[in-house]
Each structure stands twice: as C-alpha cells, then as structure tokens.
Amino acid sequence: MASNKKLLVLPGDGIGPEVMREVRRVIDWMDRRRAVTFDLEEALVGGAAMDAQGVPITEETVAKAKSADAVLFGSVGGPKWDTLGFDKRPEIAILTLRRELGLFANLRPATVLDPLVDASTLKPDVVRGLDIMIVRESTGGIYFGEPRGIETLPDGSKRGVNTEVYTTAEIERVARVGFELARKRQNRLCSVEKANVMESGLLWRQTVAALGQREFPDVELSHMYADNCAMQLVRNPRQFDVIVTTNLFGDLLSDLASMLTGSLGMLPSATLGGLGADGRRHALYEPIHGSAPDIAGKGIANPMAQILSFAMLLRFSFDMNEDAALIERACTKVLASGLRTADIMQTGMARVSTQVMGEAVTRELDKIAA
Ligand code: IPM
Ligand code: MN
C-alpha cells in the first residue's frame, strides 16, 4: 500500500533552488516507481524570505517544518544580505530551525567514492575508501550560549562575548547518537574537544567516557583534542570511523573532512532531533555546501549533494534503506560513466550542467530498477 510522507522543501538562496529542482526529478521518479508518495510543500527561507517576507524565516514556515515528517533544506546566504544585522541574516533561518525543532545531532559524512578518488587534494592512497561520519552537536555550545553580545566599555571601546556551555544532558544525547552510529559501522567512536583548556571540554570528555562505560562498553571509544584531530584528519583520515564533537569544532572539522573528498558538491548531511512523545523525530537534510553565490544561476552547480541529502532523508527518517541505496548507487554510476559538473571536473571526463547531471541520475535509476 502506498504511504504518504509529508516533506517541507526549503530551497533557499544561491544554487539552492537549482539543485533542488534536480531532487524534484528524483522524488517524482520515486512517486512513479516505488511504493511511496510524497506530499511536498515549499517555502522561502534565508535571503529569499528576507526579500519577500521581511524575515529570514517566518513563524508559519517554522510551524510547517514542525508538522512535516522531514525537511529538505537547500542553502542560505549571499553577498546581498551580508551587511544585515545578526537577527536579519539569512543564516538565522537554519539556526532557528535547528533550535525550534531541537535538531541537536548534525550528521556529516565524508566519503570518497571510487570514481572521485583523484578529485582530492590529498594523495589517492591516503583517501581511497574513506568513510568518516562526523556527529556535530548543533543546538548548543558557543552558537547559542549566554551571555553573548557586543557591549560598549566605559572608555568607548567595545567587548564581544560568546559563551561555550554544555550540560551533561546535552552531551549525553549527542554522544548516544555517535555510539549508536558506531555500532552500525566499524564500532569506533572518537570524542573530540579541548579538555586541556576548557572546562566545558573536560565535562564533555568525562561525560562521554562515563556513558561509554555504562551503556556502550562494546564500542571502542577514544578521546582527542580538536587541534590534534584537525591534524590527524589530514595526516591519516582513515583512522576515524565516527567522530562526535561540539557545535563549533564540528563546524570546522566537518568542513575540513569534506575537502578530503575533494568535492564539497557531493556531500549530504542530516540533522536529527530526539524521539518525540508521538514516536516521531524531527529531522532536516541539507547539502554541506553553501549557497555558492559565485556560480548561482549559471546552471553549473553539482546537484549530487542535494540528491544524496534526499537519500539520507529516506534512510534516517523513513527507514527506506533500499530506496536510499538505489539513489546512492545511481549517483556513483553517473560518476563512473564519466559525467562531471565543474566542481569535480577531471581531464578526460565530460563536463555537464546541473540539469544533465540530474537527468542522468534518474536515467540510471530507470536502469537499475528495470
Ligand atoms: C553550517 C554552516 C552554518 C553553521 C551557518 C550557515 C550558520 O556553516 O551548517 O556548517 O555555522 O552551522
Ligand atoms: Mn559550517
């Protein structure tokens, strides 16, 4: 029997709308070919919402996100809105959604697909087969900690303040996500902070260690300082399986890890909330790349990260592992066939547009499912 899944689609700014168009192709394909249909609703976020509605995200859109089964997010931001105050910046849209939906666990994979092993700036031997999952805490830490602000001192100079805060409950719930993911993978979790200089980091380390002993004694747990982790990620990235870390360190380390793959345009992400009383879990899926204003509107952006974000949505929100794998396989096949968008172009390959790449994915889906 067909089941209806309610999706809220938020394309946002820059290349968001054009890569989202290609995901719609894949969703239409699913509607036609698989035992599932999606009810899609679309809304403005980021600079697009700022221009049309005067805020980066309306309360109505937040309410829609809360009632949807999952949110598919594009990207927000651009030079046009860079000079606006903090409360009006496009980035507020994603931060508001994370906070309002309680999306505390940001899952950021860094995987090197075989056809793209040469796209990395690192030697193929270092990154071949790379498969890391970074779990970044995403509703706490210095992004949301109080006090914060810029104050004027008596002498007229200013003081900017942000605060890194973590409670045991916040650490435990995100660490649990890390442990559970590790169990489904290579069973190794590395917890990352700076316990050598920060009290919140020390609490983080102690809390994760205690949780590991108590609930996940079977998972191989290690601890690492964030600066060392950055170095190790470049030196020998395959030593990692799952990494769990704070909001700010996760922001930095996931950008770093993504470039090990050489292709920011390929990487999806998921941000998950806790299980609600009704058994539902809020979740948002978005590519790791930003709005890329420099190439927006040119039809050359890589739609793969957005398409793979939809695959993650199927896997994590609906347990549709087979369908997710189908999409992932189709993407790998398109790459193996030699098609490349500009961001992952290699000599001897065929450079194609956003749309041609999207169409190629549905064509591969047709072949695989035939
Ligand atoms: C990310 C982005 C966001 C962040 C910005 C857009 C607020 O860099 O998702 O990594 O810093 O979390
Ligand atoms: Mn970031």
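The values are calculated or read from the model by the stated rules, or taken from the named source; none is laboratory data. Predicted model, so just to flag it, every value in this text is computed and none were measured. Heads up, the Cβs are rebuilt from the backbone with ideal geometry, glycines too, and the neighbour counts pull from every protein chain shown. The area values use the complete protein model at the heavy-atom level, side chains included, leaving out ligands, DNA and RNA. Shrake-Rupley method; radii C 1.70, N 1.55, O 1.52, S 1.80 Å.
For (1) within 22 Å of Asp294 (Cα to Cα); (2) of a type in the set (Ser, Thr, Tyr); (3) touching a helix residue (DSSP H, G or I) at 6+ places or on another chain (Cβ under 8 Å), each residue gets a yes or a no:
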{"site": "Ala43", "(1), (2), (3)": "no, no, yes"}
{"site": "Asp69", "(1), (2), (3)": "no, no, yes"}
{"site": "Val76", "(1), (2), (3)": "yes, no, yes"}
{"site": "Pro79", "(1), (2), (3)": "yes, no, no"}
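For the structure I just gave you, tell me whether Leu252 is open to solvent by 30 Å² or more (accessible area, probe 1.4 Å), at pLDDT 95 or above and in the same structural domain as Ala169 (by TED's automatic domain parsing). Spell out how you get there, then give the answer.
Details: open to solvent by 30 Å² or more (accessible area, probe 1.4 Å): yes; at pLDDT 95 or above: yes; in the same structural domain as Ala169 (by TED's automatic domain parsing): yes.
The answer is yes for Leu252.
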Subset of the range 210-247 (residues that are open to solvent by less than 60 Å² (accessible area, probe 1.4 Å) and charged (D, E, K, R)): Asp241
Selected residue [acidic (Asp, Glu), within 14 Å of ligand 1 (Cβ to nearest atom) and without any contact (Cβ under 8 Å) to a residue 40 or more places away in the chain] from Asp87, Asp51, Asp39, Asp31: Asp87
Within the range 179-261, helices (runs of 4 or more DSSP H) holding 2 or more residues that are more than 16 Å from ligand 1 (Cβ to nearest atom) and under 23 Å from Gly141 (Cα atoms): 199-215, 226-235
Yes/no for Met259 being more than 16 Å from ligand 2 (Cβ to nearest atom), out of contact with any Phe, Trp or Tyr (no Cβ under 7 Å at 6 or more places or on another chain) and either open to solvent by 10 Å² or more (accessible area, probe 1.4 Å) or not small (Gly, Ala, Ser) (or both): no
Within the range 303-352, considering residues that are open to solvent by less than 40 Å² (accessible area, probe 1.4 Å) and in a loop (DSSP other than H, G, I, E, B), the one farthest from Val117 (Cα to Cα): Met320
Failed item, numbered, when Glu170 is tested on (1) touching a Lys or Arg at 6+ places or on another chain (Cβ under 8 Å); (2) acidic (Asp, Glu); (3) touching a residue at least 24 places away in the same chain (Cβ under 8 Å); (4) not in a loop (DSSP other than H, G, I, E, B): (1)
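One residue is enough: does the range 58-67 have a residue meeting the conditions basic (Lys, Arg), open to solvent by 60 Å² or more (accessible area, probe 1.4 Å), in the same structural domain as Asn4 (by TED's automatic domain parsing) and farther than 29 Å from Ile150 by Cβ? Give the derivation first.
Going residue by residue through the range 58-67, those that are basic (Lys, Arg) are 64, 66.
Still in the list and also open to solvent by 60 Å² or more (accessible area, probe 1.4 Å): 66.
Those still in the list that are in the same structural domain as Asn4 (by TED's automatic domain parsing) too: 66.
The next check asks that each one be farther than 29 Å from Ile150 by Cβ; those that pass are 66.
Among the residues of the range 58-67, at least one is basic (Lys, Arg), open to solvent by 60 Å² or more (accessible area, probe 1.4 Å), in the same structural domain as Asn4 (by TED's automatic domain parsing) and farther than 29 Å from Ile150 by Cβ, which makes the answer yes.
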Condition broken by Leu101, with the remaining ones in (1) surrounded by fewer than 20 Cβ atoms within 10 Å (Cβ to Cβ); (2) away from ligand 1 (no atom under 14 Å from the Cβ); (3) at pLDDT 95 or above satisfied: (1)
Boolean, Val165 is touching a Phe, Trp or Tyr at 6+ places or on another chain (Cβ under 7 Å) and β-branched (Val, Ile, Thr): no
Selection within the range 269-295 - within 16 Å of ligand 1 (Cβ to nearest atom), open to solvent by 20 Å² or more (accessible area, probe 1.4 Å) and small (Gly, Ala, Ser): Gly290, Ala292
Residue match in the range 81-88 (condition: small (Gly, Ala, Ser) and within 23 Å of Asp294 (Cα to Cα)): yes
